[in-house]
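To start, the structure itself, in structure tokens.
The values are calculated or read from the model by the stated rules, or taken from the named source; none is laboratory data. In this text the structure is predicted, and so the values were computed from the model without any measurement. All Cβ positions, glycine included, derive from the backbone under ideal geometry; neighbour counts span all protein chains shown.
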Amino acid sequence: MNRPLPPLWTRDFVLTVAGTAAFFAGFYLLIPVLPPYASALGASKREIGLLYAVFPLAAAAARFVAGPRMDRSDRKPILLAGLAAFAVVVALHGAVQTLGGLFVLRALHGMSWGCLTTAVSAMVSDLAPPSRRGEAIGFWGLAPTVAMALAPVAAEVILLKAGSVAAFFVAAALSALALATFALVAEPARQAAPDLPPALPYSPATRLPSGADLPPALPYSPATRPPRPAGFPARLPRGAVLPAVVLFLSSLSYGALVAFLPVEMTPLPGRAGIFFSVYALAILVTRPLAGRLSDRLGRGAVIHPGLALGAAGALLLGFAPATWALPIAAGLYGAGIGGCAFPGLMTLTVDRCPPRARGSALAAYFTAYDFAIAGGSALLGLVYEARGFFALCLVCAAATVAGQVVLQLGGVKIRRGGESPALL
């Protein structure tokens, strides 16, 4: 007889989802605000592009410090410090009077973002019961999607009614609300036993009963934390490399589409907005189901179809960006990349790395995403300029397929094989 599933929607998990929604809303609120504000300070189009490039590079640098630091101590202090810095820096945007000052703030903004997003993803991984890890990450991932759907619209209203400075203060207030919410979350317990061995090849003999879970973790303290190997945390956890490479390849398309779809749709106002609205809706529908399926069937059973759908969506968009194909392409791309592949790869990263290296692993994972967003807009912009939008979409689809090939060669099959989430 199947054992009941361990609880997921605990008080701390609910607060974590709510806090995530708040600070992501503050982040997405700035999307329509920052470019015209920078332009008013005298920034050229090239300089506005550099402002957006500074942010992910600063975030990546901060992640490589924050991740190992969390593995040596706690997650929560880094999260709270990142949120406090985030709120202050966003509020200061409204006071800056020079373009140079805005660049400095963007760098500080990116550093705070790198710290807090790495910390909150590690906390979610610690809070999730291992047998419901995919489901937990799927539901938690809905918070940024809801924020992405609502915050830019709210920002347009604020800009119209009160101006840029008011929008910056609203974004800072949302970050402060997130700070107050996370202050109520207890530091998550981490597995106190020595790190588990690699998963055995999947078979009925090795499968745990449905609903089975690891023994409850002891309260976290330095005394219960497993010893660190020599040289830790300088080295990158090996288990994070494969998901990070696949994420980079599959996310190049997102960096390119965010930058260049609005340009391609300039003669047709509102069409780019339709794409991103359908994209967000597809994620909202797909993520909870995909997370639950990955817990039952294995991560590959969700990631591989997700990458295939994402590639199909990117290719379809290239054929007919201004026709009926646009919302279909957005649905395929959103369900595949945002709904299945991204959370599936994040869960796979957590599965493949021991708890004592989880912060470093997730720092590497999100750094790959940062570089993909920056690279997608910078490198694929050359393709767009030289060969046009269809060629851009073709390269996006090819990069996503390449990610799927890498995943297959790395041993993650579409059916459960060497990766058995219930055993990790």
> For the subset of region 257-272 comprising residues that are buried (at least 18 other Cβ atoms within 10 Å of the Cβ) and out of contact with any Ser or Thr (no Cβ under 6 Å at 6 or more places or on another chain), which member is modelled with the highest pLDDT?
Replying inline: 257
> Of the residues that sit in region 1-48 and are in a helix (DSSP H, G or I) and charged (D, E, K, R), which one is surrounded by the most Cβ atoms within 10 Å (Cβ to Cβ)?
Replying inline: 12
>> Looking at region 236-254, can you tell me whether even one residue there is outside any helix (DSSP H, G or I), modelled with pLDDT of 85 or more, over 25 Å from residue 387 (Cβ atoms) and of a type outside the set (S, T, N, Q)?
In response: no
>> I'm told residue 61 meets every condition in (1) farther than 15 Å from residue 110 by Cα; (2) surrounded by fewer than 24 Cβ atoms within 10 Å (Cβ to Cβ) except one. Can you identify the failing condition by its number?
In response: (1)
> What pairs can you find where one residue is in region 374-398 and part of a helix (DSSP H, G or I), the other is basic (Lys, Arg), and their Cβ atoms are less than 8 Å apart, with a gap of 6+ or different chains?
Replying inline: none
>> For residue 112, only one of the following conditions fails: (1) in a helix (DSSP H, G or I); (2) modelled with pLDDT under 90; (3) polar (S, T, N, Q); (4) farther than 19 Å from residue 14 by Cβ. What is its number?
In response: (2)
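Restricted to region 351-410, and to residues that are of a type in the set (S, T, N, Q) and at pLDDT 85 or above, which residue is nearest to the chain's Cα centre (by Cα)?
Per the stated criteria, the residue is 367.
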> Of the numbered conditions (1) buried (at least 20 other Cβ atoms within 10 Å of the Cβ); (2) in a helix (DSSP H, G or I); (3) modelled with pLDDT of 85 or more, residue 77 satisfies every one except a single condition; which is it?
Replying inline: (1)
> Can you find even one residue in region 307-326 that is of a type in the set (S, T, N, Q) and in contact with a helix residue (DSSP H, G or I) (Cβ under 6 Å, 6 or more places away or on another chain)?
Replying inline: no
> Would you call residue 31 assigned by TED's automatic domain parsing to the domain that holds residue 181, modelled with pLDDT under 85 and under 17 Å from the mean Cα position of the chain (by Cα)?
Replying inline: yes
> What residue, of 69, 46, 75, is among the basic types (Lys, Arg) and without any contact (Cβ under 8 Å) to a residue 12 or more places away in the chain?
Replying inline: 46
> What tally of residues in region 159-190 results from selecting those that are in a helix (DSSP H, G or I) and either out of contact with any helix residue (DSSP H, G or I) (no Cβ under 7 Å at 6 or more places or on another chain) or modelled with pLDDT of 90 or more (or both)?
Replying inline: 20
> Which residues, counting only those in region 317-335, are in a helix (DSSP H, G or I) and either touching a residue at least 40 places away in the same chain (Cβ under 8 Å) or within 19 Å of the chain's Cα centre (by Cα) (or both)?
Replying inline: 317, 318, 319, 326, 327, 329, 330, 331, 332, 333, 334, 335
